[in-house]
Amino acid sequence: MENLGSVLAVIPARAGSKGLPGKNIVDFHGRPLIQWSISAALESGCCDTVLVTTDSQEIADIAVAAGAIAPWLRPKHLADDRASTTAVVLHALEQTPADVVVVLQPTSPLRTAEDISACVSLYCKEGKPVVSVCPAKPWLFCKAADGTLAPVVEFATQRQEAEYVSPNGAVYVFSARFLRSGESWWSVGALPYVMPPERSVDIDTPYDLAVARAVFNAPEGSASAKQQRVMNESR
C-alpha cells in the first residue's frame, strides 16, 4: 500500500474490571498502567492521534496528562461486559475519523513502540489486517459435557508441521473500511506479528500483574533486558 492515510491509535479502557479492579490505572513501576501504552503509541511515530475511549473521567484525565486525547466519555451501553471491542472502536471512529486504526490494549505494558511501528509497517506493506501473536503450545483441550477431555482442534502429528501461535492482545491494525465491514480478522487472512512471551503478558488478574512486574524487573542479560531499557528510557 502506497498511501497509508491517517492513523488513529485507540486504547479502550473502561472503568469496570472484575479480575483486577481498577486495572487500567493500577500502578506499574511508578506510572498508571495505561500510560505505558500511551507512551509506546506516541513513541512509535506512526500514529497521528492517540485516543483513549473510556467511561471514567479519572482515566480520561490520566490519559490526557500522558499525551493522549480523551474528548468524550464512552456511553453506558458501550461500557459494560457485553460491549465488544469492535463496537467500542467503531464508536471511536465515528467521533474521530481515520483511515487506519491501531487498537492497543492498556493491559499490555510490555509491548514496545517498535512492536507498534512494525505492525503498522507490515499492514502498510501488505494491506491486510495485522494481529500481534505469541508462540503457543499446540495441546488445547476442552472439558466435554460428560466430563472427559476433548481436543479443540485437530493437531498436526509433528510439531514441525505447523507453528502454533495465539493472539496476545498487544496490537491490532485494521483499515476503517474493514472494521465497518463486520468481517472477523481470522476469516480474511490476517497477518501475524510474532512477539516473544516476555512482551506478551496481558494483565487481567493480580497474578498477571505479578508476572509482568517480574518480567520488567528481570536482570540484565535476560530476554527482557531490552524491553526494560526501552521502558526506563521513556520515563
Query raised in the report: Percent of accessible area on the chain owned by carbon and sulfur, 1.4 Å probe?
Result: 53
Query raised in the report: Is it possible to state the helix-based mean residue ellipticity at 222 nm for the chain, with each DSSP H run of 4+ residues giving -39500 (n - 2.57), the sum divided by total residues, to the nearest 500 deg cm²/dmol? What is it?
Result: -9000 deg cm²/dmol
Report task. State in Å² the accessible area per residue of the chain; use a 1.4 Å probe, count heavy atoms of protein chains only, and round to the nearest integer. Result -> 51
Report task. Enumerate by residue number the trypsin sites (Lys or Arg not before Pro) in region 29-119 meeting two conditions: DSSP loop (anything except H, G, I, E, B), and at most 12 other Cβ atoms within 10 Å of the site's Cβ. Result -> ARG82
**Report entry** Computed FRET value (nearest 0.05) for LEU4 with LYS143, which takes r as the C-beta separation and R₀ as 41 Å
**Finding:** 0.35
**Report entry** Sites excluded, GluC sites (Glu not before Pro) in DSSP loops with at most 10 other C-beta within 10 Å, longest stretch of the chain
**Finding:** 3-153
Query - Pairwise label distance in nanometres, ASP204 with LYS76, each label 7 Å out on the Cα-Cβ vector - result: 2.7
Report summary line: Under the 7 Å Cα-to-Cβ spin-label approximation, SER84 and ALA214 lie apart by a distance in nanometres of 3.6
Report summary line: Connecting every pair of Cα atoms under 10 Å apart in the chain and solving the GNM, the largest mean-square fluctuation among VAL188, VAL100, VAL88 falls on VAL188
Report summary line: Candidates for Rg and Dmax of the Cα atoms in Å are (i) 15.6, 43; (ii) 16.9, 52; (iii) 18.1, 54, and the calculated one carries label (iii)
Query raised in the report: Taking 0.36 nm per residue of separation and subtracting the Cα-Cα distance, what length does fully extending ASP99 through GLU126 add?
Result: 8.2 nm
Requested in this report: Mind checking the full-extension length gain between VAL26 and VAL153? Use 0.36 nm per residue of separation minus the Cα-Cα distance, one decimal, nm.
Outcome: 42.1 nm
**Report entry** Those trypsin sites (Lys or Arg not before Pro) in region 9-51 that DSSP places in a loop and that have at most 16 other beta carbons within 10 Å
**Finding:** LYS18
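The values are calculated or read from the model by the stated rules, or taken from the named source; none is laboratory data. If you're wondering where the values come from, they're calculated on a predicted model, not measured in any experiment. Every residue, glycine among them, receives a Cβ derived from its backbone with ideal geometry; neighbour counts consider all protein chains shown. The accessibility values were calculated without ligands, DNA or RNA, using every heavy atom of the protein model including side chains. Shrake-Rupley method; radii C 1.70, N 1.55, O 1.52, S 1.80 Å.
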